[in-house]
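These notes are about the structure you will find just below.
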Amino acid sequence: MDRESAARENPEMIFLRVFRTLRPRTPAPQVDLQFRPLANASSRVSWAGGRLTVLLAEVFRDSPYSVQEALAWILLSKLFRRAAPAKHLDRYRRFVNRRDVTRQMEQLRRKRGRKLCLPAQGKFFDLVAIFEELNLRFFWGLMARPEIGWSQSHSRTILGHYDTAHHTIILNRALDEERVPRFVVEYVMYHEMLHLRFPEQKRGMRRCVHTAEFKSAEQRFPEYARAQSWLKLWSPNENGRMERDSANNRANGQIG
Ligand SMILES: [Zn+2]
């Protein structure tokens, strides 16, 4: 095939063409091809009922055309129990061993391996339920729910945090206690929800800026003052109380 038409072939077409080369007398299958968010190069094909299902690892999505073709030859040869052409095996191996490719897979692996938070359903409080209640009370139920969870570890200084990169609200697990009033957990959640409502304004290195608009919305929370004073006296563990200096944001106990 000439380069012109090769350039126009998408991965489905490549697999179909290789299939027909290997099995010229078999009716052309319907090709169902998907890229899977895998952190390795693992790919597979299956063939049943006239349908060829192709699952390719993410790393091949933007790989060169020749690599996608090599992959089609290798997977389909394997499917039909034939030896894959050496040229394609070689091309495939070179690609998956390329430094940038192994690094990309490593990064995916690291990203997936790192759990950002624990499930929203805690021992005493269900953060999704709290989010949705507040959503109805203060945001007309219109706020799209981000990922929500409890922190992995107890923090002595951070009550809650909105992680913009992962679009995730995380509350300090130490708040999931029987003695913590519900309105306090609600207040911390409400604060984090305001970060979604009023996106951060970058000022130098400051991660979280509470604008005047943000602060006045925060004070509309009916139990704002009560929650603040409760938190001032709260000791999440023996090592000392959690303090929050909301006046200048340089707090020890801070809501991120
Ligand atoms: Zn904040």
Within region 149-174, residues of a type in the set (A, V, I, L, M, F, W, C) and away from the ligand (no atom under 15 Å from the Cβ) come out as Trp150, Ala165, Ala174
The residue that is modelled with the highest pLDDT, considering only those in region 55-92 that are within 17 Å of Pro24 (Cα to Cα) and of a type in the set (Phe, Trp, Tyr), is Trp73
Sole miss for Arg179 among (1) more than 16 Å from the ligand (Cβ to nearest atom); (2) modelled with pLDDT under 95; (3) surrounded by 16 or more Cβ atoms within 10 Å (Cβ to Cβ) is condition (3)
Next item on the list: Could you check, for region 80-89, whether at least one of its residues is assigned by TED's automatic domain parsing to the domain that holds His191 and of a type in the set (D, E, K, R)?
Entry: no
Picking from Tyr92, Tyr65, the residue that is surrounded by fewer than 20 Cβ atoms within 10 Å (Cβ to Cβ) and out of contact with any Pro (no Cβ under 6 Å at 6 or more places or on another chain) would be Tyr65
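The values are calculated or read from the model by the stated rules, or taken from the named source; none is laboratory data. None of these values were measured; they are calculated from a predicted model. Quick reminder, even Gly has a Cβ in these numbers, built from the backbone with ideal geometry, and neighbours come from all protein chains shown.
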